[in-house]
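Okay, so here's the structure we're looking at.
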Amino acid sequence: MYHIEKNTVQETLIIPLFGRKVCSEHFPELFKDPEAERICSMLDYDFAENGQKMESAVGLFGALEVAQRQYDLAWEVKEYLIKHPYAAVVNLGCGLDDTFRKCDNKACVGFNIDMPDVIKVRNEILPAGERENNLGYDLNDEHWMDEIDPSHGAVFFASGVFYYFKTEAVRKLLQKMAKKFPGGIIVFDSCNQRGAKMMTKTWLKEAGISDVGAFFSVEDKAEIEVWSNDFTSVTARSYMRGYRDIYNEVRLLHKLMIRFCDSLVKMQIIKITFK
Ligand SMILES: C[S@@+](CC[C@H](N)C(=O)[O-])C[C@H]1O[C@@H](n2cnc3c(N)ncnc32)[C@H](O)[C@@H]1O
(Lines give C-alpha, C1' and ligand atoms only; values in the text may rest on other atoms or scores of the structure.)
Protein backbone atom coordinates (compact mmCIF):
# COMPACT_ATOMS: atom_id res chain seq x y z
CA MET A 1 0.00 0.00 0.00
CA TYR A 2 1.25 3.49 -0.87
CA HIS A 3 0.20 6.37 1.26
CA ILE A 4 -1.15 9.58 -0.35
CA GLU A 5 -1.15 12.65 1.89
CA LYS A 6 -4.27 14.79 2.05
CA ASN A 7 -4.03 18.46 0.98
CA THR A 8 -0.92 18.00 -1.10
CA VAL A 9 -0.24 18.31 -4.82
CA GLN A 10 -0.14 14.49 -4.87
CA GLU A 11 -3.77 14.41 -3.88
CA THR A 12 -4.86 16.18 -7.08
CA LEU A 13 -3.90 13.12 -9.11
CA ILE A 14 -6.28 10.93 -7.12
CA ILE A 15 -9.39 12.57 -8.55
CA PRO A 16 -8.92 11.63 -12.22
CA LEU A 17 -7.59 8.21 -11.31
CA PHE A 18 -10.57 7.54 -9.06
CA GLY A 19 -12.91 8.98 -11.71
CA ARG A 20 -11.61 6.46 -14.25
CA LYS A 21 -12.13 3.65 -11.75
CA VAL A 22 -15.70 4.78 -11.00
CA CYS A 23 -16.46 4.99 -14.75
CA SER A 24 -14.96 1.58 -15.30
CA GLU A 25 -17.46 0.23 -12.77
CA HIS A 26 -20.50 2.29 -13.84
CA PHE A 27 -20.01 2.45 -17.61
CA PRO A 28 -17.97 -0.68 -18.43
CA GLU A 29 -19.05 -0.72 -22.08
CA LEU A 30 -17.58 2.76 -22.54
CA PHE A 31 -14.67 2.94 -20.11
CA LYS A 32 -13.49 -0.47 -18.91
CA ASP A 33 -10.20 0.31 -17.12
CA PRO A 34 -8.91 -2.57 -14.98
CA GLU A 35 -5.60 -0.72 -14.49
CA ALA A 36 -7.32 2.24 -12.77
CA GLU A 37 -9.16 -0.25 -10.54
CA ARG A 38 -5.89 -2.03 -9.72
CA ILE A 39 -3.96 1.17 -8.93
CA CYS A 40 -6.72 2.50 -6.63
CA SER A 41 -6.63 -0.76 -4.72
CA MET A 42 -2.87 -0.23 -4.11
CA LEU A 43 -3.26 3.23 -2.57
CA ASP A 44 -3.64 3.99 1.09
CA TYR A 45 -5.99 6.95 0.73
CA ASP A 46 -9.32 7.75 2.26
CA PHE A 47 -11.53 7.32 -0.79
CA ALA A 48 -14.69 7.51 1.29
CA GLU A 49 -15.15 11.28 1.02
CA ASN A 50 -14.39 11.61 -2.72
CA GLY A 51 -16.07 8.27 -3.31
CA GLN A 52 -19.42 9.35 -1.94
CA LYS A 53 -19.28 12.58 -3.95
CA MET A 54 -18.46 10.78 -7.15
CA GLU A 55 -21.14 8.16 -6.76
CA SER A 56 -23.82 10.87 -6.73
CA ALA A 57 -25.49 11.71 -10.07
CA VAL A 58 -23.61 15.01 -10.38
CA GLY A 59 -20.38 13.42 -9.19
CA LEU A 60 -20.68 10.73 -11.82
CA PHE A 61 -20.60 13.43 -14.46
CA GLY A 62 -17.19 14.50 -13.11
CA ALA A 63 -16.05 10.90 -13.44
CA LEU A 64 -17.33 10.82 -17.03
CA GLU A 65 -15.38 13.98 -17.79
CA VAL A 66 -12.05 12.59 -16.66
CA ALA A 67 -12.56 9.22 -18.35
CA GLN A 68 -13.71 10.85 -21.57
CA ARG A 69 -10.82 13.30 -21.69
CA GLN A 70 -8.37 10.42 -21.35
CA TYR A 71 -10.14 8.74 -24.28
CA ASP A 72 -9.93 11.96 -26.35
CA LEU A 73 -6.25 12.57 -25.65
CA ALA A 74 -5.37 8.91 -26.32
CA TRP A 75 -7.24 9.21 -29.63
CA GLU A 76 -5.00 12.11 -30.65
CA VAL A 77 -1.84 10.26 -29.56
CA LYS A 78 -2.79 7.18 -31.62
CA GLU A 79 -3.63 9.38 -34.60
CA TYR A 80 -0.21 11.07 -34.43
CA LEU A 81 1.55 7.71 -34.13
CA ILE A 82 0.05 6.50 -37.43
CA LYS A 83 2.33 8.91 -39.31
CA HIS A 84 5.12 9.03 -36.68
CA PRO A 85 5.35 5.50 -35.25
CA TYR A 86 8.71 6.11 -33.50
CA ALA A 87 7.67 9.41 -31.92
CA ALA A 88 8.19 10.48 -28.33
CA VAL A 89 4.87 10.26 -26.44
CA VAL A 90 5.04 12.72 -23.56
CA ASN A 91 2.55 12.80 -20.70
CA LEU A 92 2.91 16.19 -18.98
CA GLY A 93 1.74 16.12 -15.34
CA CYS A 94 1.17 12.38 -15.68
CA GLY A 95 0.12 11.60 -12.10
CA LEU A 96 -0.82 7.92 -12.15
CA ASP A 97 -2.22 7.96 -15.68
CA ASP A 98 -1.16 5.11 -17.99
CA THR A 99 -2.17 6.57 -21.36
CA PHE A 100 1.24 5.77 -22.88
CA ARG A 101 0.65 2.05 -22.35
CA LYS A 102 -2.86 2.34 -23.78
CA CYS A 103 -1.40 3.88 -26.95
CA ASP A 104 1.87 1.94 -27.17
CA ASN A 105 2.50 0.69 -30.72
CA LYS A 106 5.69 -1.17 -29.59
CA ALA A 107 7.88 1.37 -31.44
CA CYS A 108 7.27 4.76 -29.81
CA VAL A 109 9.04 6.00 -26.67
CA GLY A 110 7.07 7.16 -23.63
CA PHE A 111 7.93 9.91 -21.16
CA ASN A 112 5.81 10.43 -18.06
CA ILE A 113 6.69 13.71 -16.37
CA ASP A 114 5.50 15.03 -13.03
CA MET A 115 6.86 16.60 -9.84
CA PRO A 116 9.63 14.51 -8.24
CA ASP A 117 7.44 13.47 -5.26
CA VAL A 118 4.73 12.21 -7.61
CA ILE A 119 7.26 10.32 -9.73
CA LYS A 120 8.53 8.64 -6.55
CA VAL A 121 5.06 7.18 -5.98
CA ARG A 122 4.64 6.39 -9.67
CA ASN A 123 7.93 4.48 -9.75
CA GLU A 124 6.56 2.21 -7.01
CA ILE A 125 3.12 1.68 -8.53
CA LEU A 126 3.72 2.05 -12.28
CA PRO A 127 7.47 1.48 -12.75
CA ALA A 128 8.63 2.39 -16.25
CA GLY A 129 8.29 -0.47 -18.71
CA GLU A 130 10.02 -1.04 -22.03
CA ARG A 131 10.61 2.19 -23.99
CA GLU A 132 9.06 4.13 -21.12
CA ASN A 133 10.63 6.76 -18.82
CA ASN A 134 9.29 8.31 -15.64
CA LEU A 135 10.88 11.73 -15.13
CA GLY A 136 10.66 13.93 -12.03
CA TYR A 137 10.57 17.60 -13.06
CA ASP A 138 8.65 20.75 -12.39
CA LEU A 139 7.35 21.54 -15.90
CA ASN A 140 8.29 25.17 -15.32
CA ASP A 141 11.92 24.05 -15.33
CA GLU A 142 12.52 23.75 -19.04
CA HIS A 143 15.36 21.25 -18.58
CA TRP A 144 12.82 18.46 -18.96
CA MET A 145 12.75 19.29 -22.67
CA ASP A 146 16.37 18.18 -23.03
CA GLU A 147 15.35 14.62 -22.10
CA ILE A 148 13.12 14.27 -25.18
CA ASP A 149 14.63 13.25 -28.53
CA PRO A 150 12.42 14.94 -31.14
CA SER A 151 14.02 13.35 -34.21
CA HIS A 152 11.10 10.97 -34.85
CA GLY A 153 8.39 13.45 -33.90
CA ALA A 154 6.80 14.21 -30.54
CA VAL A 155 3.23 14.17 -29.27
CA PHE A 156 2.60 15.86 -25.92
CA PHE A 157 -0.54 15.72 -23.85
CA ALA A 158 -1.55 17.28 -20.55
CA SER A 159 -4.67 15.99 -18.87
CA GLY A 160 -6.12 18.12 -16.09
CA VAL A 161 -2.81 19.94 -15.62
CA PHE A 162 -2.83 23.48 -16.99
CA TYR A 163 -5.64 24.56 -14.62
CA TYR A 164 -2.87 24.69 -11.98
CA PHE A 165 -0.72 27.03 -14.09
CA LYS A 166 -0.81 30.78 -14.47
CA THR A 167 -1.77 31.79 -18.04
CA GLU A 168 1.64 33.38 -18.47
CA ALA A 169 3.40 30.12 -17.54
CA VAL A 170 1.35 28.13 -20.08
CA ARG A 171 2.09 30.70 -22.77
CA LYS A 172 5.85 30.55 -22.12
CA LEU A 173 5.82 26.76 -21.98
CA LEU A 174 3.97 26.39 -25.28
CA GLN A 175 6.15 28.97 -27.02
CA LYS A 176 9.33 27.18 -25.93
CA MET A 177 7.96 23.78 -26.89
CA ALA A 178 6.98 25.01 -30.35
CA LYS A 179 10.56 26.16 -30.95
CA LYS A 180 12.15 23.02 -29.55
CA PHE A 181 9.83 20.41 -31.15
CA PRO A 182 9.03 21.42 -34.74
CA GLY A 183 6.46 19.10 -36.31
CA GLY A 184 5.23 18.07 -32.86
CA ILE A 185 1.76 18.49 -31.42
CA ILE A 186 0.31 19.11 -27.97
CA VAL A 187 -3.23 18.27 -26.86
CA PHE A 188 -4.80 19.28 -23.55
CA ASP A 189 -8.16 19.92 -21.92
CA SER A 190 -9.35 23.39 -21.03
CA CYS A 191 -12.41 25.30 -19.90
CA ASN A 192 -13.36 28.96 -19.64
CA GLN A 193 -13.14 31.14 -16.56
CA ARG A 194 -16.65 30.20 -15.45
CA GLY A 195 -15.56 26.55 -15.45
CA ALA A 196 -12.36 27.35 -13.57
CA LYS A 197 -14.40 29.21 -10.94
CA MET A 198 -16.64 26.18 -10.56
CA MET A 199 -13.56 24.01 -10.12
CA THR A 200 -12.18 26.15 -7.31
CA LYS A 201 -15.05 24.88 -5.20
CA THR A 202 -14.00 21.28 -5.79
CA TRP A 203 -10.99 20.18 -7.79
CA LEU A 204 -8.66 23.15 -7.46
CA LYS A 205 -9.33 23.58 -3.74
CA GLU A 206 -6.73 20.98 -2.79
CA ALA A 207 -4.09 22.93 -4.71
CA GLY A 208 -4.91 26.10 -2.78
CA ILE A 209 -6.21 27.93 -5.88
CA SER A 210 -9.17 30.14 -5.05
CA ASP A 211 -8.70 33.18 -7.27
CA VAL A 212 -8.73 31.87 -10.83
CA GLY A 213 -8.20 35.24 -12.58
CA ALA A 214 -4.51 34.70 -13.30
CA PHE A 215 -4.85 30.98 -13.96
CA PHE A 216 -5.17 29.36 -17.35
CA SER A 217 -8.59 29.20 -18.96
CA VAL A 218 -9.72 29.46 -22.57
CA GLU A 219 -12.94 30.99 -23.87
CA ASP A 220 -11.93 30.77 -27.52
CA LYS A 221 -8.98 29.08 -29.21
CA ALA A 222 -8.23 32.39 -30.97
CA GLU A 223 -6.72 33.55 -27.66
CA ILE A 224 -3.98 30.94 -28.10
CA GLU A 225 -3.51 31.28 -31.85
CA VAL A 226 -1.85 34.67 -31.40
CA TRP A 227 0.71 33.38 -28.91
CA SER A 228 3.29 32.16 -31.40
CA ASN A 229 4.24 32.26 -35.06
CA ASP A 230 5.53 28.73 -34.56
CA PHE A 231 1.99 27.33 -34.29
CA THR A 232 0.71 25.97 -37.61
CA SER A 233 -2.79 25.43 -36.29
CA VAL A 234 -4.86 25.49 -33.12
CA THR A 235 -8.06 23.45 -33.10
CA ALA A 236 -10.67 22.81 -30.42
CA ARG A 237 -13.23 20.04 -30.04
CA SER A 238 -15.91 19.30 -27.49
CA TYR A 239 -14.71 17.12 -24.62
CA MET A 240 -17.80 14.92 -24.51
CA ARG A 241 -18.89 14.95 -28.16
CA GLY A 242 -15.83 15.84 -30.26
CA TYR A 243 -14.19 12.40 -30.42
CA ARG A 244 -16.61 9.73 -29.31
CA ASP A 245 -20.04 11.27 -28.86
CA ILE A 246 -21.50 9.74 -25.68
CA TYR A 247 -24.55 12.04 -25.58
CA ASN A 248 -26.99 9.29 -26.46
CA GLU A 249 -25.40 6.83 -24.03
CA VAL A 250 -26.05 8.85 -20.87
CA ARG A 251 -29.06 9.74 -18.71
CA LEU A 252 -31.05 12.95 -19.11
CA LEU A 253 -29.27 14.83 -16.32
CA HIS A 254 -25.90 14.09 -17.91
CA LYS A 255 -27.22 15.12 -21.33
CA LEU A 256 -28.16 18.50 -19.86
CA MET A 257 -24.75 18.77 -18.20
CA ILE A 258 -23.01 18.00 -21.51
CA ARG A 259 -24.97 20.84 -23.18
CA PHE A 260 -24.13 23.17 -20.30
CA CYS A 261 -20.43 22.30 -20.44
CA ASP A 262 -20.23 22.72 -24.21
CA SER A 263 -21.99 26.05 -24.41
CA LEU A 264 -21.36 27.81 -21.11
CA VAL A 265 -18.20 26.25 -19.65
CA LYS A 266 -16.39 25.68 -22.98
CA MET A 267 -14.94 22.34 -21.96
CA GLN A 268 -12.68 21.62 -24.90
CA ILE A 269 -9.77 19.56 -26.06
CA ILE A 270 -7.28 21.92 -27.67
CA LYS A 271 -4.71 20.71 -30.15
CA ILE A 272 -1.74 22.81 -31.26
CA THR A 273 0.47 21.78 -34.17
CA PHE A 274 4.02 23.14 -34.13
CA LYS A 275 5.53 24.42 -37.40
C1 LIG B 1 -5.31 16.59 -11.70
S2 LIG B 1 -3.76 15.77 -11.75
C3 LIG B 1 -3.84 14.95 -13.33
C4 LIG B 1 -2.97 13.72 -13.38
C5 LIG B 1 -3.04 12.96 -14.72
N6 LIG B 1 -2.69 13.79 -15.83
C7 LIG B 1 -4.39 12.31 -14.91
O8 LIG B 1 -5.15 12.76 -15.78
O9 LIG B 1 -4.69 11.35 -14.20
C10 LIG B 1 -2.62 17.10 -12.06
C11 LIG B 1 -1.17 16.63 -12.13
O12 LIG B 1 -0.37 17.72 -12.59
C13 LIG B 1 0.84 17.70 -11.86
N14 LIG B 1 1.45 19.02 -11.90
C15 LIG B 1 0.87 20.19 -11.52
N16 LIG B 1 1.75 21.20 -11.65
C17 LIG B 1 2.91 20.65 -12.13
C18 LIG B 1 4.19 21.18 -12.49
N19 LIG B 1 4.47 22.48 -12.36
N20 LIG B 1 5.14 20.33 -12.95
C21 LIG B 1 4.88 19.00 -13.06
N22 LIG B 1 3.67 18.45 -12.76
C23 LIG B 1 2.71 19.26 -12.29
C24 LIG B 1 0.41 17.29 -10.46
O25 LIG B 1 1.49 16.83 -9.68
C26 LIG B 1 -0.63 16.21 -10.77
O27 LIG B 1 -0.07 14.92 -10.86
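The values are calculated or read from the model by the stated rules, or taken from the named source; none is laboratory data. Note that this is a predicted model, so its numbers are computed, not measured. Glycine also receives a Cβ, built like all others from the backbone with ideal geometry; neighbour counts cover every protein chain displayed. Heavy atoms of the whole protein, side chains included, go into the accessibility calculation; ligands, DNA and RNA do not. Shrake-Rupley method; radii C 1.70, N 1.55, O 1.52, S 1.80 Å.
For this structure, a couple of remarks:
- His26 - accessible surface, heavy atoms, 1.4 Å probe, Å² rounded to 10: 80 Å²
- For the pair region 227-263 / region 118-192, the C-alpha centres are spaced 23 Å from each other.
- Column: log10 I(q)/I(0), Debye, Cα scatterers of the chain, q = 0.09, 0.12, 0.14 Å⁻¹: -0.38, -0.71, -1.01
- Local electrostatic count, Val187, Cβ distance below 9 Å [Lys/Arg +1, Asp/Glu -1]: -2
- For the chain, the per residue solvent-accessible surface stands at 44 Å², with DNA, RNA and ligands left out and a 1.4 Å probe.
- In region 122-205, the alpha-carbon atoms span a convex hull of 120 Å³ per residue.
- Share of carbon and sulfur in the accessible heavy-atom surface of region 221-275 [1.4 Å probe, %]: 52 percent
- Charge context of Tyr247, other residues only, Cβ under 13 angstrom, K/R +1, D/E -1: +2
- Bridge type composition, the chain - antiparallel percent by DSSP, nearest 5: 40 percent
- In terms of distances greater than 25 angstrom between alpha carbons, the cross-link table entries Lys32/Lys275; Lys21/Lys78; Lys53/Lys197; Lys78/Lys197 yield Lys32/Lys275; Lys78/Lys197.
- The share of accessible area on region 67-117 that comes from carbon and sulfur is 60 percent, using a 1.4 angstrom probe.
- Each Lys and Arg contributes +1 and each Asp and Glu -1, all at the Cβ; summed about the Cα centre of region 8-125, the dipole is approximately 460 debye.
- Kyte-Doolittle mean at least 0.0 and Cα axial length at least 30 Å: DSSP H helices in the chain: 57-83
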